[in-house]
Amino acid sequence: MVEGFQGLFFLRFLGIFCIDNHVICKEGQFNFFLSIVYSENQLSWTLPIKPWIFSEYRIMWFKSCKMTFVCFNRMKSYRYPWTRLYSTSGTTVDSSEVKTFLALAHRWWDEQGVYAPLHSMNDLRVPFIRDNLLKTVANHQPGKPLSGMKILDVGCGGGLLTEPLGRLGASVIGIDPVAENIETAQRHKSFDPVLDKRIEYRACALEEIVEETAETFDAVIASEVVEHVTDLETFIQCCWQVLKPGASLFITTINKTQLSYALGIVFAEQIAGIVPKGTHTWEKFVSPEMLESILESNGLSVQTVAGMFYNPFSRYWHWSENTSLNYAAHAVKSGAQEHQVPAESVLKEETEELQATASTIAGVREEVKK
């Protein structure tokens with residue numbers, strides 16, 4: 001990071017002016033300035049918003065060593081900072097998120113539309129899933145490398161990822177809580193008789209099929225999903241239950257960083273319109289460290305975490321060593337016995353083995369004496 005940045009530059013595509021470490025942004029009804037402070041290893045943001053612009057909102061300041069936020073919420077939706085981020089209700093589905101995706105259900109297969117980044121993401125996520133699954137298979141059919149595998153695509157939307165996996169030979173079930181999304185997916189796959197046989201779609205949440213599909217799948221895919229659920233831990237537990245022992249869980253999501261807020265929310269949604277407004281909630285983003293902790297504590301061993309970067313100008317995704325924006329994770333379910341056997345049982349088994357060994361030694365000694 002450059003230290004002591006000074007100067008003046010103009011970014012036409014953002015409508016942003018920067019004068020002596022202060023960025024002045026004016027886009028529609030947005031009228032605020034963003035002060036950027038560079039240090040050797042840290043980028044600090046300060047976002048003071050003119051109070052008369054949001055006069056109907058209650059203004060609150062949250063300060064930390066890294067960032068100063070101005071949070072504006074209507075009083076009726078005010079949430080105390082110590083409130084749990086994820087609910088403990090019986091469903092992982094957020095009804096407000098459902099409404100957002102319901103309005104866009106007919107646009108899934110428009111490759112130039114709002115879901116263009118997801119179409120482009122297939123260039124990374126399909127090989128990522130395929131190559132990691134093939135590590136567990138000795139032989140595979142040319143052209144159908146995933147033949148014989150059962151995959152669950154959670155939050156499949158219109159089937160953008162489900163169909164490529166089906167073309168690789170896998171038997172795929174795609175589920176989504178938005179019935180209109182499933183209708184779009186059904187209609188699209190009906191044009192391909194081969195896919196029509198390999199893919200099944202259901203309008204439901206993950207927790208609704210846990211019992212009937214326990215230890216059924218060779219892989220579960222949750223691509224761009226975990227940042228939309230209401231209870232992440234419950235969601236991961238459900239994934240564990242439907243996976244076979246030794247099977248894989250694949251996740252792509254957004255890191256919870258200052259940069260993801262600036263680019264993923266402010267730029268992508270509010271300024272550039274790459275993503276529809278209201279698609280993401282920054283509080284629901286999860287860091288790789290937090291995700292790994294939840295996965296490991298629920299019997300899933302993390303194998304790979306890789307950064308992903310989307311170029312809005314070329315509309316292509318690239319792998320990156322930096323995970324501060326998007327990233328992909330691959331985890332493997334531990335064996336059922338390994339996950340379920342408590343420490344006391346393991347200690348008991350070891351004690352019994354030692355006792356058996358001692359008895360054998362004692363028997364040998366008696367034979368020697370005779």
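Out of all the residues in the stretch 233-256, which are assigned to a helix (DSSP H, G or I) and either open to solvent by 30 Å² or more (accessible area, probe 1.4 Å) or under 15 Å from residue 294 (Cα atoms) (or both)?
Matches in the stretch 233-256: 233, 234, 235, 236, 237, 238, 239, 240, 241.
Note down all Cβ pairs under 6 Å where the first residue falls in the stretch 250-274 and is farther than 30 Å from residue 217 by Cα, the second is part of a helix (DSSP H, G or I), and they're at least six residues apart or on different chains.
Final answer for the pair search is 261/282; 265/282; 274/268.
Out of 157, 143, which single residue is among the small types (Gly, Ala, Ser) and surrounded by 15 or more Cβ atoms within 10 Å (Cβ to Cβ)?
Within the list 157, 143, the selection yields 157.
Do we find a residue being modelled with pLDDT under 60 and farther than 29 Å from residue 233 by Cβ anywhere in the stretch 334-349?
Yes, there is a match, as at least one residue in the stretch 334-349 is modelled with pLDDT under 60 and farther than 29 Å from residue 233 by Cβ.
Restricting the search to the stretch 148-168, which residues are without any contact (Cβ under 8 Å) to a residue 40 or more places away in the chain and either more than 17 Å from residue 125 (Cβ to Cβ) or in contact with a Cys (Cβ under 6 Å, 6 or more places away or on another chain) (or both)?
Within the stretch 148-168, 148, 162 qualify.
To keep it simple, each residue is scored yes or no on (1) under 30 Å from residue 110 (Cβ atoms); (2) under 17 Å from the mean Cα position of the chain (by Cα).
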{"residue": "242", "(1), (2)": "no, no"}
{"residue": "256", "(1), (2)": "yes, yes"}
{"residue": "260", "(1), (2)": "yes, yes"}
{"residue": "267", "(1), (2)": "yes, no"}
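Can you confirm whether residue 197 is surrounded by fewer than 18 Cβ atoms within 10 Å (Cβ to Cβ) and either under 21 Å from residue 109 (Cα atoms) or touching a Pro at 6+ places or on another chain (Cβ under 8 Å) (or both)?
For residue 197, the condition - surrounded by fewer than 18 Cβ atoms within 10 Å (Cβ to Cβ) and either under 21 Å from residue 109 (Cα atoms) or touching a Pro at 6+ places or on another chain (Cβ under 8 Å) (or both) - is met.
If the Cβ limit is 6 Å and pairs must be 6+ apart or interchain, which residue in the stretch 218-235 that is under 15 Å from residue 255 (Cα atoms) and at pLDDT below 95 pairs with which residue that is open to solvent by 10 Å² or more (accessible area, probe 1.4 Å) and acidic (Asp, Glu)?
As it stands, the answer is 228/97, since those pairs meet every condition given.
Can you name every one of the strands (runs of 3 or more DSSP E) wholly within the stretch 257-334 that holds 2 or more residues which are crowded, with 16+ Cβ neighbours inside 10 Å?
Per the criteria, 300-311, 326-333.
The values are calculated or read from the model by the stated rules, or taken from the named source; none is laboratory data. This is a predicted model, so every value here is computed, not measured. With ideal geometry, Cβ positions are generated from the backbone for all residues, glycine too; neighbour counts draw on all protein chains shown. Just the protein is used for accessible areas: all its heavy atoms, side chains included, with ligands, DNA and RNA removed. Shrake-Rupley method; radii C 1.70, N 1.55, O 1.52, S 1.80 Å.
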